[in-house]
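Just below is one structure, and these are the notes that go with it.
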Amino acid sequence: MKTLNLSLTIFTAFLALNCSIEESTTENTGAGFQVNAGDLQGNINGSVSLNASETYILTGALIVKEGAVLTIPAGTTITAAAGTSTSAYIGVERGAKIYINGTAAAPVVMTSETQEAGSWGGLAIAGYGITNAGTNVTSEVGDLTYGGTDNTDNSGVVTYLRVEYTGATFTNDKEFNGVTLFGVGSGTTFSNVSSVNGGDDGIEFFGGAVNAKNLVSINSGDDSIDFADGFSGSIDGAYIKGITKAGIEGSNNGDNGDATPVTSATVSNVTMIVDGLGNSEGAIYYKEGGGNSSYTNIYVDGISLGVKIKSTDVAANTRLANGDLVINNFNYTNAPSDWSWGGYEYEGLNSGATGAGNGADIPNWASGWSE
């Protein structure tokens, strides 16, 4: 009987250990990548799903390699460790996919242990979309290769995501944003995404043709929303509050304002509120060749300049004269008496635009998850 009991005890212990091992590796089908919730970093080469019940500490770069898939369920929080700065970010290579499946009730949150602007990198996604910077371009941060010939490229789904305290700085000219899309195509779903208290731009698009919906940018250290390098997608719905430089900066190409294909963005249903941070570059900064861009239903509060354009920007001024910047409905309140369009003539001012939906108030679609 003692022998039998001993054997039974050993078998039971082995079974419990085996179950424990299986439970701890259910997230890990990533071709050798092992998820360590307390030390989240490394290269994902297969398929990995995180678990909303875990507490994830990002300690370095987490890269979803070409052909790999990362799934992040609703309610998951990823926190960048203190002191990581530019070393901690999440990058998605061309040919990889990320599925951020947040909900309004349970968004995915990417934040920082220190809760200070500029304390970690943020999220960067690369795709095979068309840019006027080339077909195999290296991203300004994260060393991701992006660009190609497919503006319908699919990098996955990003919905109900809030990133906080991003914008880690390499140099004055090289900083992470909150979320950056490099050549991301229209096959990608990008909706209900918020950047809060970042050190640089909130959300930025370099080329590609993704159609973004319902974006929030609050207290960004540079521009709130930015697009450049032949971006030909759309932004439908944006709530911008706490503007340091430009509410929206739209560029063609920083090295060649006449580079093709020319940026052709469609922007609609936007609210911009200065909220005391300065707004040194106006509601819209038409920059570096500008592009063929249209703006509809734009509501601004407390902004002194409608459109900024440098007199030395020959390509942008030529496009402006050709009517390539179109503004259909622009409403402003609480502006200084010398409120200006920066020399840009425009009809339809103060014609009832409601912006993102509620004038200066946060729109219903952003309530509860974005701040």
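Of Ser85, Gly156, Ala133, which is farthest along the charge dipole of the chain in the positive direction, counting Lys and Arg as +1 and Asp and Glu as -1 at C-beta?
Selected residue: Gly156.
Lysines near Lys65 by alpha-carbon distance under 17 Å, same-chain residues fewer than 8 away left out - which ones?
Lys97
Quote the relative contact order of the chain in percent (integer), defining contacts as alpha-carbon pairs under 8 Å separated by 6+ residues.
10
Go from 0 up to the bin containing the longest alpha carbon distance in region 148-239, width 10 Å each, and give me the % of pairs per bin.
P(r) for region 148-239, in whole percents per bin: 19, 51, 28, 2.
Return the long-range amide H neighbours of Gly95 (sequence gap of 5 or more, or a different chain), with a cut-off of under 5 Å between placed amide H atoms.
It is Tyr128, by chain and number.
Separation of region 59-102 and region 330-371 by C-alpha centroid, Å?
One Cα centre to the other: 34 Å.
State to the nearest 20 debye the size of the charge dipole of the chain about its Cα centre, where the only charges are +1 on K and R beta carbons and -1 on D and E beta carbons.
Roughly 740 debye for the chain.
I'd like the Karplus ³J(HN,Hα) series for region 276-291: coefficients 6.51, -1.76, 1.60, θ = phi - 60°, whole numbers in Hz, and an x wherever there's a Gly or Pro.
x, 9, x, 6, 6, 10, x, 5, 10, 10, 8, 10, 6, x, x, x
Report ³J(HN,Hα) in whole Hz for each residue of region 205-219, in order, from the Karplus equation J = 6.51 cos²θ - 1.76 cosθ + 1.60 where θ = phi - 60°; Gly and Pro get x.
10, 10, x, x, 9, 5, 9, 8, 9, 6, 10, 10, 9, 10, 6
So what are the ³J(HN,Hα) numbers for region 223-230, from phi and the Karplus equation (6.51, -1.76, 1.60; θ = phi - 60°), rounded to whole Hz, Gly and Pro as x?
7, 6, 9, 9, 9, 6, 6, x
Taking amide H positions as placed in the peptide plane 1.01 Å from N, state which residues far from Met110 in sequence (5 or more) or on other chains have amide H under 5 Å from it.
For Met110, whose amide H was placed from the backbone, the distant partners under 5 Å are Ile78, Arg162, Val163, Glu164.
Measuring from the lowest to the highest alpha carbon on each principal axis, how far does the chain reach, largest first, in angstroms?
The Cα atoms of the chain stretch 97, 40, 33 Å along their principal axes.
Equivalent ellipsoid semi-axes for region 276-327, as square roots of 5 times the alpha carbon gyration tensor eigenvalues: give them largest first, rounded to whole Å.
Output for region 276-327: semi-axes of 21, 14, 7 Å.
How far is helix 2-24 tilted, in degrees, relative to the longest principal axis of the Cα atoms in the chain, given as a value from 0 to 90 rounded to the nearest 10?
Here the helix axis deviates by roughly 10 degrees.
Compute the signed sum of charges (Lys and Arg +1, Asp and Glu -1) over the other residues within less than 12 Å, Cβ to Cβ, of Ala356.
Once all neighbours under 12 Å are counted, the net charge is -1.
Specify which residue in the list Ala259, Gly237, Ile248 is farthest towards the positive end of the charge dipole of region 219-299, using unit charges on the beta carbon of Lys, Arg (+1) and Asp, Glu (-1), about the Cα centre.
Gly237
Select from region 278-350 those GluC sites (Glu not before Pro) which occupy a DSSP coil region and have at most 12 other Cβ atoms within 10 Å, ordered by residue number.
Glu345, Glu347
Taking Cα atoms of region 232-371, Rg/Rh with Kirkwood Rh, to two decimals?
Result for region 232-371 is an Rg/Rh of 0.96.
Taken together, the values in this text are just the output of simple stated rules run on the coordinates, not laboratory data. These figures come from a predicted structure and were not determined experimentally. We place every Cβ from the backbone using ideal geometry, glycine too, and count neighbours over all the protein chains shown.
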